[in-house]
Amino acid sequence: MITLNVNQKQYQIDADPNMPLLWAIRDIIGLTGTKYGCGVAQCGACTIHLNGEAVRSCVTKVSRAVGQQVTTIEGLSKANDHPAQLAWNEANVPQCGYCHSGQIMSAAVLLREKANPTDADIDAAMAGNICRCGTYQRIREAIHLAAKLQKEGAK
Amino acid sequence: MSVQEKENISRRGFLKLAGIAGSALCLGLYVSEKAEASVLNEAQATAAIEGVELAAWIIINTDGKVTLISHRAEMGQGVYHSIAQIIAEELEVDLYKVDIQFAQGDEKKFGSQLTGGSSTIRGSYKNLLKLSATARQVLIQAAANRWNVPAAECYAALGHVHHKPSGKSAHYGELVADAAKLTAPANVKLKARADYKVITKPLHRRDSPLKTNGEAIFGIDKRLPGLQFAVVERNPRLRGKVKSFDATAALKVPGVTKVFKVVMGVWTTDREGVAVVANSTWAAMQGKKALKVEWDDTGFEHISTAEIFTRQRELLKTSEGLPLRTQGDPNGVIAGSADKLDVVYETPYQSHSCMEPVNCIAHFQGDKVEIWGPVQAPNWIQDYVSKKMGLAPEKVIVNMTFLGGGFGRKAMPDYPHEAAVISKEIGAPVQVVWTREDDATQGPYRPGISYRCEGVVENGAISALKFRMAGQNNDHWRSPDNGRPNRSTSEGFLKPYYDSIKNLSFSDVPFKTPIPTSFWRSVYASTNGFAYESFLDEIAHKAGKDPLALRREYLKDERLQKLIDKMEAVSGWKSRRKNQGFGAAITECFGSTVGHIVKVSKKTGGGIHIDKVWVVVDCGWYVNPDIIKAQVEGSVVMGLGAATIHEITFKDGMVEQRNFYDYKMPRITDIPLTEVHIIDNDADAGGMGEPGLPAFAPALTNAIFDLTGKRIRKLPFDLNAV
């Protein structure tokens, strides 16, 4: 048995230590907000936080997460009110929505690292996340808005 | 598909009201030819309240809760929200309190549920408005009767009926029992566009919050008790058979339980593979890697991309093809000209590459199968799976989830059929996930097409245009070749040209390969648009005319003239200098006309930079301008990938691209700034999921010609290599 801490909760799972976290989170723990897109760290749909840093869960082994804090989109905020989530909704960013768990998890790290990201900062931080619907222009807009909300004291 | 669907709906009787005293009011359309009011019996009404759809589209419970049964799929285009926004207006309810549920597949109840052809809003809005307004009027009448006051003194707002003089009010739930007993008025007056409070407003999407906290259930997220997971080893040559397989190593992978041959139907063809079933997707994937399969790839051609396009060009040299439309005598004019334009445009095979890879759940239970998945056409699946598996249609229950992109790929019933076959074999519910590599290498694809475009310009005027297309016909995958030309040969081309260009023809030069093809966002308009609108740019230059002025001259249509006015105004077209890098294109498909202006410049160190894209949309009556803008912004990004990156290539019958590392997607670093303008008018609604896409590529290449003098006739091309 392997113990994982996901969204501040302990899970005992019976999994191959080499299984990517993505599948342990989705198929064993049952949190499906984290998405499978490519399996080879190309698209970012599976982005989660490992001790607060954005990682691609499709290429991160379960063994690497033992004793660490894993955060998925479901654990990013209690009421869908992280500044990035608020801004995403305000700017009507999602279309199909499949990639946005990963997009928001990437954006959350950027917003923590840079309180006032420039377009260049946003491009650099978000270039690993693909959106097939092409919502990039709104992602940029939403991150600027999230920075503003963060400054104004949203959670 | 779309026009026919519209007709289907209008032929259906319009159900005024149906309900049952004391429980709920059900509103909807019956597929009956009768146009009389129908009252549901108690069992039907109870079933409706319990969430089993009848013909109802809207259900109002006694507690006032309004439930919308959405008959179409939500794949990003926004209809989950937009249908609710339509009914909220005339029903006078709070858009954000309407409970939205996806309908199950049932063509008899809902008509076509194919979420394709950008057809959902334009195909249903008139009935939805009428249905909602009728319901509101009946609720008002019920309240007026109860209060013994004239209905004219009452009005509805936010799910309540109010009596103005007395200040009395009642919520809809209190009125449904009385309302269900009333006869609905035949012709309720609908609001004028100017009086809309909800429709035409850029309101926040209902599905957005579900998509920012992981709550939205896509097909791949659906879970059932006892669910097994499967992947399939698929033939890299698509059409071959399984000769033999060795499952020894696969079955040793912890979690893998079964390995067996599976045959999936792809419309009229069968596809063979080997399924690996396990207790997690990962274990199944590991089992697949350990599997050894020997394929029998005899009996079909192992084609290569170079061969495909060489053959298309050869055909276009010699064959006149099957005429779709001929007016005047283009052949005579062209034969008599010593100075004709005669060029070939080429567009590649492309993958849909939805972010959510193809996947489906099926649970086969003796005499029935229940399916859950990201599907665009639940009724097609019901029909196809029932025929393939020998079940009655009502024994194939198809449930829609959210779709992580569709773009036409998820209109195919192949993967639900495959899941049903696997579930039947293992006797348990199973989720079959296609790996990204399966998604990239297995198709079906947008067909690669070559276009021969000929034209004659005399004294600055168009004397003749002749278009021939050689490419696979998607229809041939669904039904036998009927010897007719591809009906989409002229899709995207603006119809008013038929009135102004005397000698004009379109023909389809039949071309076949073993490669499966299918609809891809905006379908043939996505490639036709590039060829035809680029060629018109060539014609304009040959005629010595401004490309937009030429279009203005030949498009004698009030709406198109206004569209061109707007394109010029927002982009500064008229004040631009020659060779500054401006390009224009206009296409029409699925009822909407869209014009793009692209501005490009030379990058220092070489290559082309896209400075700005202006898009003007005329889609007639619309629901939510922000969703339209989002669809167009996204279409520009998808169009950018389609024009400058994407090409599925074949070598010895196998697809050469596997994943996002060799079928690269535009990223946030690659996108141009896009500005969208919508023309306001009250014309019949057009579609908006697709029409924003086709004009981008030709506007871009026309801009590159303006800047550099280089005419790009083959997609994709590398912006950095121009």
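The values are calculated or read from the model by the stated rules, or taken from the named source; none is laboratory data. Keep in mind it's a predicted model, so treat the numbers as computed, not measured. Heads up, the Cβs are rebuilt from the backbone with ideal geometry, glycines too, and the neighbour counts pull from every protein chain shown.
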* Say whether the condition of being β-branched (Val, Ile, Thr), out of contact with any Ser or Thr (no Cβ under 8 Å at 6 or more places or on another chain), farther than 23 Å from residue B:647 by Cβ and not assigned by TED's automatic domain parsing to the domain that holds residue B:334 is met by at least one residue in the stretch B:434-453. => no
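Quick check, is residue B:597 more than 14 Å from chain A (Cβ to nearest Cβ) and either under 30 Å from residue B:88 (Cβ atoms) or not polar (S, T, N, Q) (or both)? Before the answer, list the steps.
Numbers: more than 14 Å from chain A (Cβ to nearest Cβ): yes; either under 30 Å from residue B:88 (Cβ atoms) or not polar (S, T, N, Q) (or both): yes.
So residue B:597 fits the description; yes.
Of the residues that sit in the stretch B:413-443 and are assigned to a helix (DSSP H, G or I) and touching a Cys at 6+ places or on another chain (Cβ under 7 Å), which one is surrounded by the fewest Cβ atoms within 10 Å (Cβ to Cβ)?
Residues of the stretch B:413-443 that are assigned to a helix (DSSP H, G or I), as a first pass: B:414-426, B:436-442.
This time we only want the ones that are touching a Cys at 6+ places or on another chain (Cβ under 7 Å), so: B:415-416, B:419, B:436.
Values: B:415: 29, B:416: 33, B:419: 31, B:436: 24.
Only one residue tops the list, namely B:436.
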* Asked: Does at least one position in the stretch B:201-213 carry a residue that is within 14 Å of another protein chain (Cβ to nearest Cβ), more than 30 Å from residue B:141 (Cα to Cα), over 30 Å from the mean Cα position of the chain (by Cα) and free of Cβ contacts under 8 Å to residues at least 40 places away in the same chain?
  -> no
* Any residue in the stretch B:265-280 that is touching a residue at least 40 places away in the same chain (Cβ under 8 Å), over 30 Å from residue B:382 (Cα atoms), in contact with a Phe, Trp or Tyr (Cβ under 9 Å, 6 or more places away or on another chain) and not assigned by TED's automatic domain parsing to the domain that holds residue B:452? -> no
* **Inter-residue pairs, beta-carbon under 7 Å, first touching a residue at least 60 places away in the same chain (Cβ under 8 Å) and in a loop (DSSP other than H, G, I, E, B) and in the stretch B:236-263, second polar (S, T, N, Q) and crowded, with 17+ Cβ neighbours inside 10 Å, 6+ apart** => B:236/B:441; B:238/B:442
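From B:658, B:711, which residue is surrounded by fewer than 23 Cβ atoms within 10 Å (Cβ to Cβ) and touching a Ser or Thr at 6+ places or on another chain (Cβ under 7 Å)? Spell out the reasoning first.
Numbers: B:711 fails: touching a Ser or Thr at 6+ places or on another chain (Cβ under 7 Å).
Among B:658, B:711, only B:658 is surrounded by fewer than 23 Cβ atoms within 10 Å (Cβ to Cβ) and touching a Ser or Thr at 6+ places or on another chain (Cβ under 7 Å).
Has the stretch B:658-665 got any residue that is within 14 Å of chain A (Cβ to nearest Cβ), touching a Leu at 6+ places or on another chain (Cβ under 7 Å) and not in a helix (DSSP H, G or I)? Give the steps one after another, and end with the answer.
Our first condition is that a residue be within 14 Å of chain A (Cβ to nearest Cβ); within the stretch B:658-665, this holds for B:658-665.
This time we only want the ones that are touching a Leu at 6+ places or on another chain (Cβ under 7 Å), so: none.
No.
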* May I ask you to say which residue of B:616, B:600, B:570 is β-branched (Val, Ile, Thr) and surrounded by fewer than 19 Cβ atoms within 10 Å (Cβ to Cβ)? => B:570
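Residue B:189 - would you say it is at pLDDT below 95, surrounded by fewer than 19 Cβ atoms within 10 Å (Cβ to Cβ) and within 37 Å of the chain's Cα centre (by Cα)?
Details: at pLDDT below 95: yes; surrounded by fewer than 19 Cβ atoms within 10 Å (Cβ to Cβ): yes; within 37 Å of the chain's Cα centre (by Cα): yes.
Considered against the rule, which asks whether it is at pLDDT below 95, surrounded by fewer than 19 Cβ atoms within 10 Å (Cβ to Cβ) and within 37 Å of the chain's Cα centre (by Cα), residue B:189 comes out as yes.
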* Might you let me know whether the stretch B:220-233 holds any residue that is assigned to a strand (DSSP E or B), more than 14 Å from every other protein chain (Cβ to nearest Cβ) and touching a residue at least 12 places away in the same chain (Cβ under 8 Å)? => yes
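Taking into account only those residues within the stretch A:62-78 that are outside any loop (DSSP other than H, G, I, E, B) and away from every other protein chain (no Cβ under 11 Å), which is farthest from residue B:201 (Cα to Cα)?
Of the stretch A:62-78, the ones outside any loop (DSSP other than H, G, I, E, B) are A:62-65, A:69-71, A:73-75.
Within this subset, residues satisfying the condition of being away from every other protein chain (no Cβ under 11 Å) are A:63-65, A:69-71.
Working: A:63: 50, A:64: 49, A:65: 46, A:69: 43, A:70: 40, A:71: 37 Å.
Going through the qualifying residues, I end up with A:63.
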* To do: For the stretch B:399-412, enumerate the residues that are assigned to a loop (DSSP other than H, G, I, E, B) and more than 14 Å from chain A (Cβ to nearest Cβ).
  => B:412
* Asked: Considering only residues of the stretch A:107-138 that are within 14 Å of the chain's Cα centre (by Cα), in contact (Cβ under 8 Å) with a residue 40 or more places away in the chain and within 10 Å of chain B (Cβ to nearest Cβ), which is farthest from residue A:35 (Cα to Cα)?
  -> A:128
* Structure fact -> Residues of the stretch A:32-59 being under 23 Å from residue B:208 (Cα atoms), within 7 Å of chain B (Cβ to nearest Cβ) and either in contact with a Lys or Arg (Cβ under 6 Å, 6 or more places away or on another chain) or surrounded by fewer than 21 Cβ atoms within 10 Å (Cβ to Cβ) (or both), in sequence order, are A:32, A:45
* Has the stretch A:97-106 got any residue that is over 26 Å from residue B:352 (Cβ atoms) and either facing chain B (nearest Cβ under 9 Å) or buried (at least 24 other Cβ atoms within 10 Å of the Cβ) (or both)? -> no
* Structure fact -> Requiring at least 1 residues that are farther than 30 Å from residue B:311 by Cβ, the strands (runs of 3 or more DSSP E) wholly within the stretch B:500-610 are B:582-589, B:592-602
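Only residues that are basic (Lys, Arg) and either modelled with pLDDT under 95 or part of a loop (DSSP other than H, G, I, E, B) (or both): list them for the stretch B:666-722, please. Before you say what the answer is, go through the steps one by one.
Pass one, the stretch B:666-722, residues basic (Lys, Arg): B:667, B:710-711, B:713-714.
Of everything in the stretch B:666-722, those that are basic (Lys, Arg) and either modelled with pLDDT under 95 or part of a loop (DSSP other than H, G, I, E, B) (or both) turn out to be B:667, B:710, B:711, B:713.
Check whether at least one residue in the stretch B:301-321 is over 30 Å from residue B:497 (Cα atoms) and surrounded by 21 or more Cβ atoms within 10 Å (Cβ to Cβ), and report yes or no. I'd like the intermediate steps shown before the answer.
So in the stretch B:301-321, the residues over 30 Å from residue B:497 (Cα atoms) come out as B:301-308, B:310-311.
Then keep just the ones that are surrounded by 21 or more Cβ atoms within 10 Å (Cβ to Cβ); that gives B:308.
Yes, that holds for at least one residue.
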* Asked: In the stretch B:258-276, is there at least one residue being on the phi < 0 side of the Ramachandran plot, crowded, with 21+ Cβ neighbours inside 10 Å and of a type in the set (Ser, Thr, Tyr)?
  -> no
* Tally the residues that are more than 12 Å from chain A (Cβ to nearest Cβ) and more than 23 Å from residue B:684 (Cα to Cα), restricting the search to the stretch B:613-644. => 3
* Asked: Of the residues B:170, B:152, which single one is in a helix (DSSP H, G or I) and hydrophobic (A, V, I, L, M, F, W, C)?
  -> B:152
* Answer residue from the stretch B:400-417, given it is touching a Lys or Arg at 6+ places or on another chain (Cβ under 8 Å) and not aromatic (Phe, Trp, Tyr) and is farthest from residue A:100 (Cα to Cα) among those -> B:417
* **Odd one out for residue B:574, checked against (1) within 22 Å of residue B:494 (Cα to Cα); (2) away from chain A (no Cβ under 14 Å); (3) not acidic (Asp, Glu)** => (1)
